[in-house]
Protein chains: 6
Amino acid sequence: MQTLVIDKEIKYTGEQLSPHWIYKNFNIMGNAIVAFIGECEVNLNHMVDIEDVINNEPIYSRKMLNIIEENFDSSLVETVFKQRLLVTITKELIEKNNPKVNIIRSGDDLYINGKKLSVSIATKSITSTLIHFGLNIISEGAAVKAADLTNDAHITDIKKFATELLQTYNNEVQDIRLAASKVRGVI
Amino acid sequence: MQTLVIDKEIKYTGEQLSPHWIYKNFNIMGNAIVAFIGECEVNLNHMVDIEDVINNEPIYSRKMLNIIEENFDSSLVETVFKQRLLVTITKELIEKNNPKVNIIRSGDDLYINGKKLSVSIATKSITSTLIHFGLNIISEGAAVKAADLTNDAHITDIKKFATELLQTYNNEVQDIRLAASKVRGVI
Amino acid sequence: MQTLVIDKEIKYTGEQLSPHWIYKNFNIMGNAIVAFIGECEVNLNHMVDIEDVINNEPIYSRKMLNIIEENFDSSLVETVFKQRLLVTITKELIEKNNPKVNIIRSGDDLYINGKKLSVSIATKSITSTLIHFGLNIISEGAAVKAADLTNDAHITDIKKFATELLQTYNNEVQDIRLAASKVRGVI
Amino acid sequence: MQTLVIDKEIKYTGEQLSPHWIYKNFNIMGNAIVAFIGECEVNLNHMVDIEDVINNEPIYSRKMLNIIEENFDSSLVETVFKQRLLVTITKELIEKNNPKVNIIRSGDDLYINGKKLSVSIATKSITSTLIHFGLNIISEGAAVKAADLTNDAHITDIKKFATELLQTYNNEVQDIRLAASKVRGVI
Amino acid sequence: MQTLVIDKEIKYTGEQLSPHWIYKNFNIMGNAIVAFIGECEVNLNHMVDIEDVINNEPIYSRKMLNIIEENFDSSLVETVFKQRLLVTITKELIEKNNPKVNIIRSGDDLYINGKKLSVSIATKSITSTLIHFGLNIISEGAAVKAADLTNDAHITDIKKFATELLQTYNNEVQDIRLAASKVRGVI
Amino acid sequence: MQTLVIDKEIKYTGEQLSPHWIYKNFNIMGNAIVAFIGECEVNLNHMVDIEDVINNEPIYSRKMLNIIEENFDSSLVETVFKQRLLVTITKELIEKNNPKVNIIRSGDDLYINGKKLSVSIATKSITSTLIHFGLNIISEGAAVKAADLTNDAHITDIKKFATELLQTYNNEVQDIRLAASKVRGVI
């Protein structure tokens, strides 16, 4: 899997969660995960989470660290497991940067001091699976009382944080594939 | 997936990590995860981790909380992702019981204050995949300087802890399957 | 798999055979099978069976028991096997209610006294597989000489019949998954 | 899938349910289903059904029509669905030969007048899946009160019956694969 | 897999590379491969190769031997392996007809004397995978200096060549499936 | 996939075609392909090709270039496709070194001037798939009249040839995975 932290700001509208968006825009072919900073505004007709559509919950954040992953060799269930790992590693990295933070993972959501820090979804196209994971950088203006990386996690250098996150995640995904190749089958 | 915390002590020798051990011994058919307390001693010819065999690292623990899972509908790679989730939830549950604990996850290992708390492996049989996850309850006598649930995580009621762990894990695995069923495919 | 017999009448037009129709309308997430009574009229542009499109055979029935199933963990071939099982169990349930009935299964079709009782199709979306199975309740007005549950199978309480059908089918599908988990692999 | 009704009698001991038994003995490579007549005696250490082993239920029949299938392209769950189809077609063929027979299917078992006619199991090897399906031809001497093809189903020509059964089953399996190739995906 | 060499000329525009095109037009259900002669002109909005779209490389050939395959039981990666085999067999058949030809395969491309002979792509629909493989019959007018079957490979009877190609390919694909069914698993 | 041309001679007896042989002996974890030179003598009880066992055809070659591949993410059918690609690339590399050679591929066999150059098999373990591909370096003493790399293909530096072969094959396998990630799905 290739990783890239994108320099320019990009507004996340949900349209980025589509097949080959990474390849078409950043010329990275194959499994890839990219991060970018930008406003996040997903209206209902671009939402893939039908639960949110039913509950009429559009997504808004003034400034978010957005992560998009596209895989060409995972099932959707495996991709949801990957999503949970990505969320877990984010929590662990925030704890490493700030050991006293009170951060809780609940499924694919992160909370700091009971306020929601993140949004996430995993879905499937005809040829691939995709993950979006968004972390508030500035939480003012969010629909519900929210936490953010700046004020609640005390992350000062977002791009450095993103770089370490993508690298740590990529290393563990590789390690997981190797872990499946080093064991004797049992009878 | 059915869950069971077994009352009687069982010594873990590696032979328990074999197909239908749960079904044959506890009459639970299908996907299941069980926990039991017991000494842990796996000699080289029962080890499934070839890396440990190459490195000549047998496993010993005087008293361990052992967890065995058998799945009949997951690939080995997906099972390693499940293993990482089980380890993650264990860390989170220890943090919940004891917010000031210094616990770190590294792949499928847990460390408290830099001392190793756990061992784990995932493997495959002809019809299933299997996980073993062992957590020291008393760490004296371990090969390397080790942490344990009693002294380092301050867990006093191991069976209660095991019950909550299996239940939380089972809930999240169910939630992951549902998460894969509530999203619109993208084109 | 959850089951539901829907109280209100719904006209089946083919648009119901689409991903998340059950979830969006009845708030059932995950694998599910539902039954409802209603007129059935599928014009060519909503048909998924290309054979029927080629043969220019639209589907009409004045009153039908319609069954829709959506799975998120089966291949299309496995779903066709499930469809054949659903048709088989329907035949067996009609025989149980009425031992002297002359009912024949031919693939995914049922015939009573040589007249066609049912229509069925299985297909795939990006994230799921789907089955439609329709049984005439009143056959007058059908394109070809048809049998129906009321006059030919002598089923008086359609909803009770539907409830037992969905339950029996769900039990056997669960039993099949268990059957795959209780056997020793062979070498 | 190739089909063969074997002329010579073969005692079924459970050892026939192993990979490439058909290929090694009858030189049929690839997916195949064969039928043969013979005594059936499976002792506990050759049984693959762990449920039977736990319940200590060895299998005996003085004279059985035995069917063995080996597939190289199906999962174990799909193979259990195939097994249920094979059992269903057997019931339907007995009904066709003898419309007044009182025959009931319960999972992978057939009963005539409440007496058990058949035994069956599906399992997996490293490279294939396998089915055994045995129908009593003469039921005297069976462990439980049993039905048989001769006296209860009134099948007089067992080989002719077997030939039609294998052919009908093979045709429907082919038809099922085609059914999965003639439908438009839905969005 | 069924094979067909179509008599009438058909212009290849990219629209033929869609699910059930073979079934709808030639009434062949299931896995199939067909060949036809015709002009080839694929503009950017019908191209499935995003690399070509990014590079703005529409495809044109005055007269091409076009081959379309649709599979209902292969993954996309396996289908790319099948594509490479189809290209390989084409090279071998040209060598057989003309042993002194200087023909080179590079991935899914063929070159004669350094000039490009062919275009190819493999893709996926919701229910199937598809291959297009086009060989220039007359190369004048092609965008880049091209080779063709007539002048460079000295194939005089294109339909005979196509018939032998489809047959040889079909035989090897069948042989590959058999090869996977004749080996003992290893432990 | 990692590649390695091993310096020391190793006799190939068939026991090398077993899971983790590469990992245990050369400390390469995960997908890998290695080459080594050595005598080849496989007696019947180490053969995995049941066809050869049935035909009583043990394998012998005085000096062979042996290639062993182990994959942890391919089905057996996909592995046979990989085997055919490996054989194809070997042929192409021999042609590149020696354009006038008369070399023919027939399935997984290579022939020079009608004499057999190679042996090959692909099989499966519980956790992986494996390929053996052996090319005669010196053909005297072979059971049937054989070709060899030295006298018939005029390859003088076997290790250089092996290095280029493994590298070219590895590149194309990577390219195939990428090819499956650069195409738009079709509807």
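Here, each number is a calculation from the coordinates, and none is a lab measurement. Being a predicted model, the structure only gives us computed values, none of them experimental. Every residue, glycine as well, gets a Cβ built from its backbone with ideal geometry; the counts of neighbours run over all protein chains shown.
Listing for the model above:
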quantity: Share antiparallel - DSSP beta bridges, chain E, percent rounded to 5; calculated: 85 percent
quantity: Segment E:127-183-segment F:155-187 distance, computed between alpha-carbon centres (Å); calculated: 20 Å
quantity: Under the Karplus curve 6.51 cos²θ - 1.76 cosθ + 1.60, θ = phi - 60°, whole-Hz ³J(HN,Hα) for segment F:48-65, x wherever Gly or Pro sits; calculated: 9, 7, 5, 4, 5, 5, 4, 7, 6, 10, x, 10, 9, 8, 5, 8, 10, 8
quantity: Neighbour-count order for D:ASP52, B:ASP7, fewest beta carbons within 10 angstrom listed first; calculated: B:ASP7, D:ASP52
quantity: FRET efficiency, 1/(1 + (r/R0)^6) with R0 41 Å, evaluated for A:GLU140 and B:LYS145 via beta carbons; calculated: 0.30
quantity: Partner aspartates and glutamates for B:LYS82 [C-alpha distance under 13 Å; skip if fewer than 8 residues away on the same chain]; calculated: A:GLU78, B:GLU69, B:GLU70, B:ASP73, B:ASP108, B:GLU172, B:ASP175
quantity: Unit charges at the beta carbon, dipole of segment B:24-69: most positive-side option, B:LEU44, B:VAL34, B:ASN56; calculated: B:VAL34
quantity: Partner lysines for F:LYS115 [C-alpha distance under 22 Å; skip if fewer than 8 residues away on the same chain]; calculated: E:LYS91, E:LYS96, E:LYS100, F:LYS63, F:LYS91, F:LYS96, F:LYS100, F:LYS145
quantity: Cα gyration tensor shape of the protein assembly as shown, rounded if a/c is under 1.5, else prolate or oblate by comparing a/b with b/c; calculated: rounded
quantity: Counting DSSP beta bridges with both ends in the protein assembly as shown, the antiparallel % (nearest 5); calculated: 85 percent
quantity: GNM result for chain D, Cα springs below 10 Å: residue of D:ILE176, D:ILE33, D:ILE121 fluctuating most strongly; calculated: D:ILE176
quantity: Proportion of all alpha-carbon pairs of chain A beyond 22 Å (%); calculated: 44 percent
quantity: For chain F, built as a Gaussian network whose Cα springs stay under 10 Å, the top-fluctuating residue of F:ARG177, F:ARG105, F:ARG62; calculated: F:ARG177
quantity: Helix-only [θ]222 nm of chain C, DSSP H runs n ≥ 4, -39500 (n - 2.57) each, per residue, nearest 500; calculated: -9500 deg cm²/dmol
quantity: Rounded, prolate or oblate (a/c below 1.5 giving rounded, otherwise prolate when a/b exceeds b/c) for segment F:1-111 by Cα gyration tensor; calculated: rounded
quantity: Hz values of 3J(HN,Hα) by residue in segment F:12-27 - Karplus curve (6.51, -1.76, 1.60), Gly and Pro given as x; calculated: 8, 10, x, 5, 6, 8, 9, x, 6, 4, 5, 4, 5, 9, 10, 6
quantity: Pairwise label distance in nanometres, B:GLU164 with E:ASN55, each label 7 Å out on the Cα-Cβ vector; calculated: 5.9 nm
quantity: Of D:LEU93, D:LEU110, D:LEU17, the one that fluctuates the most in a GNM where chain D has Cα springs shorter than 10 Å; calculated: D:LEU93
quantity: Built amide H within the under 5 Å cut-off of A:LYS63, gap 5+; calculated: A:CYS40, A:ILE137, A:ILE138
quantity: A:THR13/B:GLU15 FRET efficiency (R0 60 Å; Cβ-Cβ; nearest 0.05); calculated: 0.60
quantity: Cβ-placed point charges (K, R +1; D, E -1), dipole of segment A:30-148 about Cα centre in debye, nearest 20; calculated: 460 debye
quantity: Antiparallel bridges, percent of DSSP beta bridges restricted to segment A:1-81 (to nearest 5); calculated: 65 percent
quantity: For segment F:91-96, 3J(HN,Hα) per residue [Karplus equation, 6.51 cos²θ - 1.76 cosθ + 1.60, θ = phi - 60°, Hz, x = Gly/Pro]; calculated: 4, 5, 6, 5, 4, 5
quantity: Between segment A:88-126 and segment D:15-33, the Cα center-to-center distance that results, in Å; calculated: 53 Å
quantity: Dimensions (Å) - segment E:1-61, Cα atoms, principal axes, largest first; calculated: 35, 21, 16
quantity: Ascending list, in nanometres, of distances separating the C:ASN56 label from those of the other copies (7 Å, Cα toward Cβ); calculated: 4.7, 4.7, 6.6, 7.1, 8.2
quantity: Nitroxide proxy distance, nm - points 7 Å out along Cα→Cβ at F:THR156 and C:LEU4; calculated: 7.8 nm
quantity: Debye, to nearest 20: dipole size of the protein assembly as shown, +1 on Lys, Arg Cβ, -1 on Asp, Glu Cβ; calculated: 0 debye
quantity: Rotational relation D to C, axis-closest Cβ in chain D, residue and distance rounded to whole Å; calculated: D:PHE81, 2
